[in-house]
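Here's the structure we're looking at; comments come further down.
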Amino acid sequence: MTIKHDWTKEEILEIYNKPFMELLYEAATVHRQQHDPNTVQVSTLLSIKTGGCPEDCGYCPQAARYHTDLEGNDLMSVNQVKAQALRAKATGSSRVCMGAAWRNVKDGSEFDNVLEMVRTINKLDMEVCCTLGMLTENQAQRLAEAGLYAYNHNLDTSEDYYKEVISTRGFEDRLQTINNVRKTNVTVCSGGIIGMGESEADRAGMLVALATLNPQPESVPINALVPVEGTPMAEEKPVPIWDMIRMVATTRIVMPETQVRLSAGRTQMSREGQAMCFFAGANSIFAGDKLLTTPNPDVNEDMEMFKMLGLNPQKAFEKKSQPVSVAADKSQFNSQDEKPKWSRPGHKIERNLQAQEKAKSKPGF
Ligand code: SAM
Ligand code: DTB
Ligand code: SF4
């Protein structure tokens, strides 16, 4: 399909603010054309180096300057990582994302160990992702050679709001790291957080920055802020579930082929709320009772939710080995063309849509 890369903030805001049912319907339609709506990837986060970070990201419990209850840890060993990855695989995860509380990657023995962790997880036939802070092009290349599948580096928010959240590195630095990753065959994972006091225009601004990248990121995590005591954002109000659904739906519409990840903040969401996020196009969750440092639903509860919704965990590398058009819900299509059945001439829904269009063109509609 042709991907639109010239999105404007106004266009995205208009989508975000559509009547709720229309937004959901549109997002679900795009989702079905590009993805299997009954498959959701289960990923596991591993905090391989926790706390003591020199940065000042206002949301983050791992920043050394904030006084949180967090217990820090030095870099884990390769064996510890392997054991945890095997456990994650056994509970249905097809992707492991290793996070380090670093400002940037430094060449040396710790980076060599991370490269060995990447090789080890790769051999387990799982997608391996890292989020280690800023990267040079050479470091991105070394990660690629070790078999890294994805690199996560979030824009977090709009360029305008960014300075209210972080002062120790700029929005441009983030784009530079994403660009360095893009020069390799590692896929790009970049998204952000809602609920940090930003406006809807900032949410749209963040999506503009992501959707106008060419190519668009293969993966976009949408996090709801997990407010942590001791951080400057401890008192932020919980994100209404409606905002999360709208954000997921808008992300799906503007980045149709991307894996949209319903990320942090799920402990505050009902199953019904999460189901609407899946309907609106989210096709990944992080499983396990801890994200990097904050709580997350228990994996058994998530599997119960999957069972109730008839969702299947996605296999590793499924997106890579299958063209997106093949992953579409076959029951929506006939064998001759790729259009959903309902959009073919004469179908009841198509007739209704045409009638609506006609009515709209009449004065006074
Ligand atoms: N240090 C690296 C970096 O900043 O890129 C990697 C780890 S960092 C914790 C990864 C991402 O987690 C951040 O970019 C942010 O989007 C998300 N995050 C951190 N704390 C969060 C919180 N309290 N609530 C929601 N998301 C959070
Ligand atoms: C992302 O966007 N969210 C994940 C993953 N990428 C690395 C991290 C969420 C962290 C939430 C706060 C914590 O647990 O420390
Ligand atoms: Fe450090 Fe990353 Fe947390 Fe920012 S988000 S303080 S860079 S660990």
Take residues that are among the aliphatic types (A, V, I, L, M) and within 16 Å of ligand 2 (Cβ to nearest atom) and tell me which of the strands (runs of 3 or more DSSP E) falling wholly in region 170-248 contain 3 or more. 219-224
Neighbours by Cβ (under 7 Å, 6+ apart or cross-chain): first from region 241-264, in contact (Cβ under 8 Å) with a residue 24 or more places away in the chain; second surrounded by fewer than 24 Cβ atoms within 10 Å (Cβ to Cβ) and among the basic types (K, R): Q259/K319
What number goes with the only condition from (1) under 29 Å from Y162 (Cβ atoms); (2) part of a helix (DSSP H, G or I); (3) without any contact (Cβ under 8 Å) to a residue 24 or more places away in the chain that V30 does not pass? (3)
Would you check which residues across region 46-72 are within 16 Å of F111 (Cα to Cα) and of a type outside the set (A, V, I, L, M, F, W, C) and list them? S47, K49, T50
All conditions in (1) in contact with a Pro (Cβ under 9 Å, 6 or more places away or on another chain); (2) of a type in the set (V, I, T); (3) free of Cβ contacts under 8 Å to residues at least 60 places away in the same chain are true of V181 except (1)
Any residue at all in region 68-75 that's within 14 Å of ligand 3 (Cβ to nearest atom) and assigned to a strand (DSSP E or B)? yes
Checked region 136-169 for anything part of a loop (DSSP other than H, G, I, E, B) and loosely packed, with under 15 Cβ neighbours inside 10 Å; matches are T136, S167, T168
Would you call F365 surrounded by fewer than 14 Cβ atoms within 10 Å (Cβ to Cβ) and modelled with pLDDT under 50? yes
I'd like the full set of residues that are assigned to a loop (DSSP other than H, G, I, E, B), touching a residue at least 40 places away in the same chain (Cβ under 8 Å) and closer than 17 Å to V186 by Cβ, limited to region 105-130. M126
Determine whether region 151-174 contains at least one residue that is in contact (Cβ under 8 Å) with a residue 12 or more places away in the chain and farther than 28 Å from V239 by Cα. no
If the requirement is being surrounded by fewer than 19 Cβ atoms within 10 Å (Cβ to Cβ) and either within 16 Å of ligand 1 (Cβ to nearest atom) or within 20 Å of H153 (Cβ to Cβ) (or both), which of these qualifies: D69, D6? D69
Single unsatisfied condition, H153 versus (1) within 30 Å of G205 (Cα to Cα); (2) away from ligand 3 (no atom under 16 Å from the Cβ): (2)
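The values are calculated or read from the model by the stated rules, or taken from the named source; none is laboratory data. Please read all numbers here as calculations on a predicted model, not as lab measurements. Cβ sites come from the backbone with ideal geometry, for glycine too, and all protein chains shown count toward neighbours.
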